[in-house]
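The values are calculated or read from the model by the stated rules, or taken from the named source; none is laboratory data. Nothing here was measured: the structure is a model prediction, and the numbers come from that model. All Cβ positions, even for glycine, are placed from backbone atoms using ideal geometry, and neighbour counts span all protein chains on display. Protein only, heavy atoms only, side chains kept; ligands, DNA and RNA dropped before computing areas. Shrake-Rupley method; radii C 1.70, N 1.55, O 1.52, S 1.80 Å.
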Amino acid sequence: MKILIAADMEGVTGVTTWEQVTPGHAEYDRFRRLMTQDVNAAVRGACDGGADEIIVADGHWHGSNILVEELDQRARLNSGSPSPFSMMQGIDESVDGVFFVGYHARSGSANAILDHTWSSRTVTNIWLNELLTGEYGLNAALAGHFGVPVILASGDQTACGQMSDQLGEIETAVVKKASGRFAAECLAPPLTQELIYEAAMRAVERLSEGDGPDPFILDTPVRVMVEFSTSDMADRAAMLPFTRREDRCITFTAQEMETAYNAFRSMVTMASG
Ligand SMILES: [Zn+2]
């Protein structure tokens, strides 16, 4: 049983501000340790649930947040950026299930810590086949392209709710209750790590019993619409061939999700200038 743990930082235990998840800020070192601990709780749960191979993808910022010297040695760490699959580096047909640890709600959500979609500066919204979603939807659809289900999510209550709504009967660990973009009632790390551990163990046990959620597989071809924050960002994204533009929205169609994922990332990189 092989598990890919796709880790982000905004949904980590205790995080409520950008400073806490931004390298160079005084607070950041505390929260990268907490991110590592949330991930380690997921590794322990996965192993006790029956997983025997674990890959961790460090998906926040430039992908070098997790403290490798404190990582549970049963996991291997995909660190650094850019990598071929970014937040999902390590995904392929050999993976049995994906965990989303430290995930956040999509851009524009109420009561959601640091809600955004891929790039808080650049992207306002994204639709996949007309479904308004967040980066969790993009990443889950890429896993679905390889036939792999998302089986666990951790983050605040809004993030976990959105992922349950779109991805099916996944296990969730709600580590904080958001009351705004920068405010939440937070649980202490020993409690959140226990929640993540239990959810991870259940998720892997359910998978091995054949009781896991279905992969999130989009109909093909995949139609992607991205709403950018400003019109100059759309100007730059529209340079990509085979796109159609309407004001700040760029639409394109890809034959399958792997191409859609990489075209989206290319557009965001171009748009960011
Ligand atoms: Zn992030």
Would you call Val21 away from the ligand (no atom under 15 Å from the Cβ), crowded, with 16+ Cβ neighbours inside 10 Å, in contact (Cβ under 8 Å) with a residue 24 or more places away in the chain and not small (Gly, Ala, Ser)? no
Filter result for Leu138 (within 24 Å of Ile54 (Cβ to Cβ) and free of Cβ contacts under 8 Å to residues at least 12 places away in the same chain): no
Got at least one residue in the range 84-98 being of a type in the set (Asp, Glu), within 13 Å of the ligand (Cβ to nearest atom) and either crowded, with 21+ Cβ neighbours inside 10 Å or modelled with pLDDT of 95 or more (or both)? no
Only one of Arg33, Arg106 is within 15 Å of the ligand (Cβ to nearest atom) and open to solvent by 10 Å² or more (accessible area, probe 1.4 Å). Can you tell me which? Arg106
Would you mind telling me which numbered condition in (1) under 21 Å from Ala140 (Cβ atoms); (2) in contact (Cβ under 8 Å) with a residue 24 or more places away in the chain Leu71 fails? (1)
Only one of Val39, Val12, Val43 is assigned to a helix (DSSP H, G or I), within 15 Å of the ligand (Cβ to nearest atom) and of a type in the set (Val, Ile, Thr), namely Val39
Of the residues in the range 120-142, those that are within 13 Å of the ligand (Cβ to nearest atom), modelled with pLDDT of 95 or more and among the hydroxyl-bearing types (Ser, Thr, Tyr) number 1
Considering every residue within the range 67-83, establish whether at least one is under 17 Å from Gly155 (Cα atoms) and either within 12 Å of the ligand (Cβ to nearest atom) or crowded, with 21+ Cβ neighbours inside 10 Å (or both). no
Has the range 36-59 got any residue that is in contact with a Cys (Cβ under 6 Å, 6 or more places away or on another chain), surrounded by 17 or more Cβ atoms within 10 Å (Cβ to Cβ) and touching a residue at least 60 places away in the same chain (Cβ under 8 Å)? no
